[in-house]
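Before any comments, here is the structure.
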Amino acid sequence: MLQRNIFTTLLCVSFLLHNVSSKTVSMFYDQEITSDTCYNRYGRPHRCLPEFKNIAYQRRIKVTHTCGENGPRKFCKTSYEGCGVCDAKDASLAHPPSYLTDLNNPSDLTCWQTDPLDNSKQNVTLILSLGKQFDITYINLEFCSFRPDAMAIYKSNDFGRSWTPYQYYADHCMQMFHKSTRGIVSHGNEVEALCTDAHLLRPLRGGRIAFSTLEGRPSAPNIDANELLQEWVTATDIKVVFMKISGNRRHSGTKKDMLYYGVSDFSVGGRCRCNGHASKCVKNPQGKLVCDCKHHTSGVNCEKCSPFYQDRPWMRATANDANECIACNCSNHAKHCRFNAELYRLEGHGGECNNCRHNTAGRFCHYCKQGYYRDKGKDITHRKACIKCDCHPVGSRGKICDQATGQCPCKEGVTGRTCNECKPGFKKTKTKAAPCVDKRGNDQPRKDTRNTDCKKCRPLLLSVTKYCKRDFGIKVLIVARAHIKGWMKFTVEIEEVFKWTGGNRLRVGKKEIWVRTRDVKCSCPKFRLNRRYLIVGFNDSDEVQKVVVNRRTIVTQWSATIARRVAKFQRRQKKGVCLSTNIEENF
C-alpha cells in the first residue's frame, strides 16, 4: 500500500513539474520512501515525514479581483472559441476563487478569472494561507487565459506579516525587477529569487507556470546540513502577483475582452513541517493544525524538546540520525528539568533537575538534602531513600548529620547517632550548654568550673528605663587593648556621646575604657577589636578620661536596630518622660 502511494505521488510530481530535473525528483523520492512511522520494528527512532500532497487542495484563496462581482461582464477566449458572460450572482456563470483549488478535471475544467482589464499593468493578487509552517516543494499554476508577461511568487514565514520573493517572471527582467534573465544559482545566492522569461514560450494562452523551490540549488542534496535552505523551503503563506498581462499588443481595441487572467488550478506540493519528528499533522482542541510529535519533541512544528527531555539540545531529524530528545536523569525524584548549554559542552549531558522531591538535592537529585541521610538499604531512586536526621535538640550541636552515616554532631560527653545519651563515665546535667559531664570531675559543667565567679556575670538587656537611669551612653570603636595590674585597658575612639552626667563633659575622640581582668575572662563584657559598641553605664570615676565598665554596664554591639532605638530613647528623654515609663523595651 505504501509503495503504491509513493508511486502515485511520484507520478503527480513528475506530471506537474515536467521541467524539473530528474535529480530533484530523485531527492524528493528519497524523502518520500521514509516510513510513515517514527520508530522501526525494534522500537528504535528514525526520521519520519508527513504525507507529501497538494496542500492547496480545497483551501480558500484570497483574491483581489474576481469577474462578475459588479454585475455581468463579457469576456472572450479566442476568435475561434467565442465569448461568454461572467456573473458572480449566477452559479452557472460564476468563476469564483474556489475553482482555483478544487479537483482539477481536464474533461470538466473550472476556472477562476478576472474581468477584462482596462490597464494591462493592473496588479491582481492571489494569497494562500496554510495555517502553519509547511515545507514547500513546488508551486504550480495552470492557466485558461493568456499567461502573464510579468508575475512574482512570494512566500511568508510569519503568517503574512512579511514577504520574501521566491521567483520572478518577466519579458524584461531587468526593467521589471532589476535582475538579469536566467541568472545562475551558486552557493552564495541559493536563497535568493531569480528571474526568467522561460514562461513566455508560445502559445501564450493556456499552459502552466511551475516553480520548484530546490531546483538548481547546489546544497539541495544536503539540505539537512543547510539551515538557510531549510528556511528557504518553509512557508506559512504563498502569494502570487500578476503584474502585466500578455497579448495586449495583439489584442487591442475591440479585442480587449480577451485581456483577463484565468487560472484553472493553483496547486502547491509540500508536506507539514515537523522537522522529521512526526509522520502526520492533526488538529488540536482549538482546531489548529499541529504536528503529532514523536521522539519526545513538542511544539506546533516539533521544534523543541518536551519539558522533561532536556539532556541534549533539540535538533532536526536527519536521514542518518533521528536526534531524539533524551530524558534528564533525575533519579525518579523530579518532574521538571532544564537544559544547560555549558554543562552539555563540557560533559555531553546538559540536563539539570528542578525541584527535587523526596528530600533529595543535586543536579541529578542524586544525594540527600541537608538534614537527611541515605538509607543504605534502598537505591537512590527509591522515594524513601533519604531519612531525616532527627538530631537531639539538646545533645547535638546542630540539625545536620553526616549524609552517608546519619551521625549527628554531638556535644562533649554525648554519644549515639542522634546524640541522645551520655558517653560511659559521663552523667546527665540540667544545662543545655553541657548536657553530659565527667563523673570524676566537679558536679558543675566544665565551663563553670573554670571561674565560679562568672555565675554573677549575666548580660544586661537594654531598655528605656535602664537607658534613662544610667549616667552615660556612648558609641565607641575598639582600637587596642593592654593588660595592666588586674585591669584590661581598652583604647577606644568615641564616635558619639548620647548622654553624660558629670562635672566635665565627655567629648568625641580617643579615650580609655577600663575593665577588671576577671570580668574580661568571663566575657563580661566581651569586646572585640575593630568593632563598634554602644556602652550605657554609671559614672563610677571622677576622671573624665577614665570610663570604667563593670557588671552593671550595658554593652551591646552597634547595629542599625540599636541606632533606631537610641534615637527613640533620646526623643523621650528630651520630652521629660524618660523616667516616667514603666515599659521595658528589651532586645
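For this structure, a couple of remarks:
- Filter result for residue 448 (of a type in the set (D, E, K, R), at pLDDT below 90, surrounded by 14 or more Cβ atoms within 10 Å (Cβ to Cβ) and not in a loop (DSSP other than H, G, I, E, B)): yes
- Residue in region 266-278 that is without any contact (Cβ under 8 Å) to a residue 40 or more places away in the chain and either of a type outside the set (S, T, N, Q) or closer than 28 Å to residue 155 by Cα (or both) present: no
- Any chance residue 520 is among the aliphatic types (A, V, I, L, M), touching a Ser or Thr at 6+ places or on another chain (Cβ under 8 Å), in contact (Cβ under 8 Å) with a residue 12 or more places away in the chain and more than 28 Å from residue 574 (Cβ to Cβ): no
- Filtered residue count, region 451-487, keeping only those that are in a helix (DSSP H, G or I), out of contact with any Asp or Glu (no Cβ under 8 Å at 6 or more places or on another chain) and modelled with pLDDT under 80: 3
- Scanning region 250-260 for residues that are modelled with pLDDT under 90 and in a loop (DSSP other than H, G, I, E, B) yields 250, 251, 252, 259.
- Positions within region 202-249 being in contact with an Asp or Glu (Cβ under 7 Å, 6 or more places away or on another chain), assigned to a loop (DSSP other than H, G, I, E, B) and of a type outside the set (Lys, Arg), in sequence order: 218, 219, 233, 246
- Odd one out for residue 317, checked against (1) within 30 Å of residue 368 (Cα to Cα); (2) touching a strand residue (DSSP E or B) at 6+ places or on another chain (Cβ under 7 Å): (1)
- Qualifying positions in region 160-186 - surrounded by fewer than 20 Cβ atoms within 10 Å (Cβ to Cβ) and in contact with a Lys or Arg (Cβ under 9 Å, 6 or more places away or on another chain): 160, 163, 164, 165, 171, 176, 185
- Scanning region 378-398 turns up one or more residues that are out of contact with any Asp or Glu (no Cβ under 8 Å at 6 or more places or on another chain), hydroxyl-bearing (Ser, Thr, Tyr) and crowded, with 17+ Cβ neighbours inside 10 Å.
- Which numbered condition residue 507 misses (of (1) farther than 19 Å from residue 551 by Cβ; (2) crowded, with 18+ Cβ neighbours inside 10 Å): (2)
- Hey, residue 235 of a type outside the set (Asp, Glu) and modelled with pLDDT under 95 or not: no
- Within region 106-118, residues that are outside any loop (DSSP other than H, G, I, E, B) reach partners that are modelled with pLDDT of 90 or more and not small (Gly, Ala, Ser) with beta carbons closer than 6 Å, at six or more positions or on different chains, in the pairs 112/95; 112/97; 112/99; 112/100; 112/263; 113/67; 113/95; 113/260.
- Any chance residue 129 is at pLDDT 95 or above and surrounded by 12 or more Cβ atoms within 10 Å (Cβ to Cβ): yes
- For region 378-393, residues that are charged (D, E, K, R), in a loop (DSSP other than H, G, I, E, B), without any contact (Cβ under 8 Å) to a residue 40 or more places away in the chain and on the phi < 0 side of the Ramachandran plot total 3.
- Pairs with Cβ under 9 Å, 6+ apart, first in region 173-188 and touching a residue at least 60 places away in the same chain (Cβ under 8 Å) and within 13 Å of residue 150 (Cα to Cα), second surrounded by 11 or more Cβ atoms within 10 Å (Cβ to Cβ) and of a type in the set (Gly, Ala, Ser): 176/150; 176/152; 176/170
- Counting only residues that are surrounded by fewer than 19 Cβ atoms within 10 Å (Cβ to Cβ) and of a type outside the set (D, E, K, R), region 254-295 holds 7 of them.
- Of the residues 519, 540, the single one that is buried (at least 18 other Cβ atoms within 10 Å of the Cβ), of a type in the set (Asp, Glu) and either modelled with pLDDT of 85 or more or more than 53 Å from the chain's Cα centre (by Cα) (or both) is 519.
- For residue 199, the conditions (1) farther than 28 Å from residue 277 by Cβ; (2) assigned to a strand (DSSP E or B) are fulfilled apart from (2).
The values are calculated or read from the model by the stated rules, or taken from the named source; none is laboratory data. Remember, predicted model here, so these are calculated numbers, not experimental data. Reconstructed Cβ throughout: ideal geometry from the backbone, glycine too, with neighbour counts over all protein chains shown.
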